[in-house]
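Read-outs throughout are calculated quantities, based only on the coordinates presented, and are distinct from any laboratory measurement. Here the structure is a predicted model, which means the values were calculated and not measured. Positions of Cβ are generated from backbone atoms using ideal geometry, with glycine treated the same way; all protein chains shown enter the neighbour counts.
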Amino acid sequence: MLRRILSSVVLIPPLLLLLLHAPSEWFFLLLLPVSGILLYEWHRMLADDSWVDLAVSVFMAWVLLANALLGFYLPTALLMAVFLMIWFFFSMYRYREGQKVTGWVGGRLTGVVYCTLPLVLLLEMHQLGEGRWVILLLFVMWGTDSGALFFGKWLGRRRFAAQISPNKTVAGFFGGLLFGVAGAALAVAWFSLPGSWIQMIGYGLILSLAGQMGDLAESMVKREAGIKDSGRLIPGHGGLLDRLDSLLFAAPVLYLLIRV
């Protein structure tokens with residue numbers, strides 16, 4: 001647990017400075033390696049050790065991010081259709097009878113969608129001058145993770161979604177919601193976010209719930225892959241995907257809340 005806390009303490013201050021004061025180009029430069037690492041860990045869970053496949057996935061991710069940063073705004077549906085055709089093309093030259101093509105293509109395209117499109121939405125929010133909203137999201141995710149950990153260890157008795165993640169408990173789930181709301185309250189108090197307190201509490205609940213669903217989704221994929229952690233990049237947290245799984249589900253929800 002100490003390693004988890006120390007890792008967060010080291011990472012949080014520069015990230016907050018980046019979101020509040022740095023231009024979107026700097027945020028974009030941060031997201032490039034983040035997307036690459038996420039996709040590396042995703043391909044690891046697919047048991048895909050092909051560097052060519054990984055390079056194609058990373059290229060697709062960077063195209064999506066650059067499209068958002070540079071303002072090309074090619075329709076996402078068009079880009080995803082092109083990416084789908086590229087993956088089918090790659091499957092053709094290695095196809096063997098009996099191979100599950102749809103599973104092979106679907107797994108890699110899902111990785112690009114899952115690991116990259118939420119980052120694109122975060123970049124767009126930053127470009128629109130809404131970096132403080134991204135900070136709200138981070139505070140809710142940090143609060144949710146901490147609450148689930150503490151309440152789960154202290155009060156956890158009854159299992160929650162044990163077929164997916166045996167360590168999840170009902171107490172941890174509600175503790176995560178409580179601390180997620182507390183994280184939203186801190187973000188509102190410290191960074192002068194617009195909106196009423198009731199609205200922010202609602203945002204905290206919704207984002208915390210989305211984040212916990214994201215955590216379960218990644219646990220389900222890891223369970224299928226037969227691995228405990230997506231990687232070993234961050235001490236005490238496993239891989240980067242283990243750390244950002246909640247955010248990947250919650251980022252689209254935040255975008256909907258503030259932009260629709």
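Let me make sure I get this right: for the stretch 50-173, a, b and c are the square roots of the gyration tensor eigenvalues over alpha carbons, sorted descending. Under 1.5 in a/c it's rounded, otherwise prolate if a/b > b/c, else oblate. Which is it? Don't skip to the answer; put the middle values down first.
Details: a/c = 3.70, a/b = 1.36, b/c = 2.72.
Verdict is oblate for the stretch 50-173.
Among the lysines, select those whose C-alpha is under 21 Å from the C-alpha of Lys153, and discard any that sit fewer than 8 residues away in the same chain.
Lys168, Lys228
Just flag the trypsin sites (Lys or Arg not before Pro) in the stretch 105-214 sitting in loop per DSSP whose Cβ has no more than 16 other Cβ atoms within 10 Å.
Values: sites: Arg108, Arg132, Lys153, Arg157, Arg158, Arg159, Lys168; in loops: Arg157, Arg158, Lys168.
Loop-located and lightly packed - Arg157, Arg158.
Would you work out which of Gly71, Ala161, Ala55 lies farthest towards the positive end of the dipole of the chain, given +1 charges on the beta-carbon of Lys and Arg and -1 on that of Asp and Glu, about the Cα centre?
Most positive-ward Cα: Ala161.
Need the full-extension length gain, Ile258 to Phe59, defined as separation in residues times 0.36 nm minus the C-alpha distance. One decimal, nm. Don't skip to the end; give the middle numbers.
Details: separation 199, 0.36 × 199 = 71.64 nm, distance 2.94 nm.
Separation in residues times 0.36 nm, less the Cα-Cα distance, equals 68.7 nm.
Averaged across orientations, what area in nm² does the convex hull of the alpha carbons in the stretch 2-259 project?
Details: hull surface 57.1 nm².
So the Cα hull casts an average projection of 14.3 nm².
What trypsin sites (Lys or Arg not before Pro) does the stretch 10-102 have in DSSP loop regions with at most 15 other beta carbons within 10 Å?
Numbers: sites: Arg44, Arg94, Arg96, Lys100; in loops: Arg94, Arg96, Lys100.
Those satisfying the criteria are Arg94, Arg96, Lys100.
What number does the stretch 43-84 give for Rg over Rh if you use C-alpha atoms and the Kirkwood radius? Mind showing how you got there, number by number?
Values: Rg = 12.1 Å, Rh = 11.3 Å.
Here the Rg-to-Rh quotient is 1.07.
Quick check: the angle from helix 131-155's long axis to the longest principal axis of the chain, C-alpha only, nearest 10 degrees?
So the inclination is approximately 80 degrees.
Compute, for the stretch 2-259, the length of the dipole vector about the Cα centre, with Cβ point charges of +1 (Lys, Arg) and -1 (Asp, Glu) only. Units Debye, rounded to 20. Display every interim value, and only then the final one.
Working: 19 positive and 15 negative charges, 157 e Å.
In debye, rounded to 20, the stretch 2-259 gives about 760.
Before rounding to the nearest 500, sum -39500 (n - 2.57) across all DSSP H runs of length at least 4 in the chain and divide by the residue total; then give [θ] at 222 nm in deg cm²/dmol. Mind dumping the intermediate values first?
Details: 9 runs with 202 residues, N = 260.
So the helix-based figure for the chain works out to -27000 deg cm²/dmol.
Would you kindly calculate the translational diffusion coefficient of the stretch 124-233, applying Stokes-Einstein with the Kirkwood radius from alpha carbon pairs, for 10 °C and a viscosity of 1.306 mPa s, and quote it in µm² s⁻¹ without decimals? Mind showing how you got there, number by number?
Working: Rh = 14.7 Å.
The estimated diffusion coefficient comes to 108 µm²/s.
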